[in-house]
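Participant: This is the structure I want to talk about, given as structure tokens.
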Amino acid sequence: MTDKWTIDVSLQHEPYRVRAEALLRLEDGGEFVGVGLAEAGLRASSTSQIGAYLAVTRALSDLTAELLETVASDVARSIEVDEILAGQSAN
């Protein structure tokens, strides 16, 4: 069995900053979004490209944090359910 998850990254260039959005789409229809901002130069230069790279990096980092929060929440819920079931089977 193979799952396919897709990440789409979009960039919005403004005069002095770049905003990146990383959208993770799961096969089951679920989605996670990460956002990153960075300063950028006015002209098309290496400075503006660095700003884009930094914004994307921050968006992916934010996406990672969203996923980790979800995993931690799911694990905690799973442990609670296991404890409840263990308590019921002991009675």
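Only the coordinates and a few stated rules stand behind these numbers; no lab work does. Predicted model only: the values in this text are computed from it and were never measured. All Cβ positions, glycine included, derive from the backbone under ideal geometry; neighbour counts span all protein chains shown.
Participant: Enumerate the amide H contacts of Arg17 below 5 Å, restricted to partners 5 or more residues apart or on another chain; note that Pro and chain-start residues carry no placed amide H.
Facilitator: Ala40
Participant: Just to verify a number: FRET efficiency for Ser78 and Asp3, C-beta to C-beta distance, R0 = 25 Å, to 0.05?
Facilitator: On the way: r = 19 Å, r/R0 = 0.77.
E between Ser78 and Asp3, to the nearest 0.05, is 0.80.
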